[in-house]
Amino acid sequence: MEPIRVLVVNSGSSSIKYQLLEPDSGTIIASGLVERIGEGGGAIEHTADDRTLTEHRDIPDHTAGLRLAFAKFAETGHDLTTAGITAVGHRVVHGGEVFYRPTLIDDAVLNTVRELSTLAPLHNPANVRGIMAVRELLPDTPQVAVFDTAFFHGLPAAAKTYAIDSKIAETHGIRRYGFHGTSHEYVSGRAAELLGRPPETLNQIVFHLGNGASVSALSGGRPVDTSMGLTPLEGLVMGTRSGDLDPGIILHLMRTAHLDVDGIDRLLNRGSGLRGMAGVNDFRELRHRIDAGDTAARAAYDVYVHRLRHYLGAYLIDLGGVDAVTFTAGVGENNPDVRADALAGLHRFGIVVDPELNTAKARGPRRISPPQCPVQVLVIPTNEELAIARAAVTVTEKGQ
Ligand code: ADP
């Protein structure tokens, strides 16, 4: 029997990331990135069977981008229109109050995802464009939306409620939704597997530290708190986002710097975080600059780590103690300094990082705390594509 294959699509405003994979084994057949859609000077990089194809050309819209990706699939021996793929799984950023599990996409679902754009104006419209493009090219293949917010749907009221006028909050859907849910769910599940314990028996803290960054607290496999809120702007310091702020700063900037909504949006989402403080958002470059004596880079790093510890402390108390602290995503998986500094000096809480295990050249899921420590400190590579592909198959098989 042919193995089941799923195409996973992560459609951004000017890019499409995709992967064709076999959800049972996790084998990646091909993957790629279409960039600069609608901006002129577009490009695609497509990898299959250790062969990478690149092409530069204008890509006017998402359908053209996807068509180009399909052409590359065909060139590398995987014609998607005839390959009989089981489903297409889409990463959709905001599911609002409505969607809290992977959902088969029909017209009504697509419309609701579009309507939820008020909550995620940068993300949901781009997700909709990706879904429409796939519909055009693969009209008979089931498409499934997997929502970044879904895992946090059941957050306790005290954790998800903002202390503002409750009527205004209700009218405008203002609550903490949380994001990166697919990753937090996948990684916490893998952590339980690595420890050989059922997730129901564990208190966990998971740091997802990529360009965007968030942390979650889980009790018995369910999230009880998370750092991102109504939007992915809240919480940790990120590559280009501020994370937590005094909301009065926004009022102050409107009054004194005369910034309008778009100016504030740009400042907080794209011109803040590490980039705003140090001029770079890539952690590797930040490290080089720190090593070269750049004081702004050092200060930005210190603010980043201070915020990590702030949330760690809060979640330790939220949970009343923790069994595992796990790091994932680009920075969490690859940067031993961040892991060591975030957890430094916490032995009295049972949290210790072993310097050798922490700096060992390893890639897979691993423990970096000494064996006898009560709190297991782990590094677990995230794999949102695999989680999305598996969810897509489950939904398709159920025919929901
Ligand atoms: P996203 O998916 O949010 O774009 P990633 O999870 O890919 O982000 O993480 C991007 C970040 O991870 C960047 O700051 C990058 O510098 C950092 N990173 C990726 N690989 C490494 C590495 N090998 N060493 C140190 N940092 C890394």
Residue list for the range 205-225, filter: within 16 Å of the ligand (Cβ to nearest atom) and touching a helix residue (DSSP H, G or I) at 6+ places or on another chain (Cβ under 8 Å) | Val206, Phe207, His208, Leu209, Gly210, Asn211, Ala213, Ser214, Val215, Ser216
Tell me, yes or no, whether the range 355-378 has at least one residue that is open to solvent by less than 10 Å² (accessible area, probe 1.4 Å), polar (S, T, N, Q) and at pLDDT 95 or above.
-> yes
Contacts under 8 angstrom Cβ, first residue in the range 196-220 being of a type in the set (D, E, K, R), partner within 16 Å of the ligand (Cβ to nearest atom), 6 or more apart | none
Report whether or not Thr81 is at pLDDT below 95 and either among the β-branched types (Val, Ile, Thr) or more than 30 Å from His172 (Cβ to Cβ) (or both).
-> yes
Among the candidates Asn281, Asn269, Asn334, which residue alone is touching a helix residue (DSSP H, G or I) at 6+ places or on another chain (Cβ under 6 Å) and either within 15 Å of the ligand (Cβ to nearest atom) or modelled with pLDDT of 95 or more (or both)?
-> Asn281
Confirm whether Thr328 is touching a Pro at 6+ places or on another chain (Cβ under 8 Å), within 14 Å of the ligand (Cβ to nearest atom) and open to solvent by less than 50 Å² (accessible area, probe 1.4 Å).
-> yes
Options His62, His94, His90: the member that is farther than 23 Å from Ala387 by Cα, touching a helix residue (DSSP H, G or I) at 6+ places or on another chain (Cβ under 6 Å) and open to solvent by less than 30 Å² (accessible area, probe 1.4 Å) = His62
Over the range 289-301, the set of residues in a helix (DSSP H, G or I) and either among the hydrophobic types (A, V, I, L, M, F, W, C) or surrounded by 13 or more Cβ atoms within 10 Å (Cβ to Cβ) (or both) is Arg289, Ile290, Ala296, Ala297, Arg298, Ala299, Ala300, Tyr301
Which residue pairs have Cβ atoms under 7 Å apart, sit 6 or more places apart or on different chains, and have a first residue in the range 231-259 that is closer than 19 Å to Asn211 by Cβ and in contact (Cβ under 8 Å) with a residue 60 or more places away in the chain and a second that is more than 16 Å from the ligand (Cβ to nearest atom) and not in a loop (DSSP other than H, G, I, E, B)?
-> Leu236/Tyr311
At least 2 residues that are crowded, with 23+ Cβ neighbours inside 10 Å and among the β-branched types (Val, Ile, Thr) in each: list the strands (runs of 3 or more DSSP E) lying fully within the range 179-265 that qualify.
-> 203-209
Filter result (in contact (Cβ under 8 Å) with a residue 40 or more places away in the chain and of a type in the set (Val, Ile, Thr)) within the range 159-195 | Ile174, Thr182, Val187
Enumeration of residues in the range 101-128 that are among the hydroxyl-bearing types (Ser, Thr, Tyr), modelled with pLDDT under 95 and touching a Phe, Trp or Tyr at 6+ places or on another chain (Cβ under 9 Å) | none
Answer yes or no as to whether Ala133 is away from the ligand (no atom under 16 Å from the Cβ) and free of Cβ contacts under 8 Å to residues at least 40 places away in the same chain.
-> no
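The values are calculated or read from the model by the stated rules, or taken from the named source; none is laboratory data. Note that the structure is predicted; figures quoted are calculated from it, not measured. Glycine also receives a Cβ, built like all others from the backbone with ideal geometry; neighbour counts cover every protein chain displayed. With ligands, DNA and RNA removed, areas are computed over all heavy atoms of the protein, side chains included. Shrake-Rupley method; radii C 1.70, N 1.55, O 1.52, S 1.80 Å.
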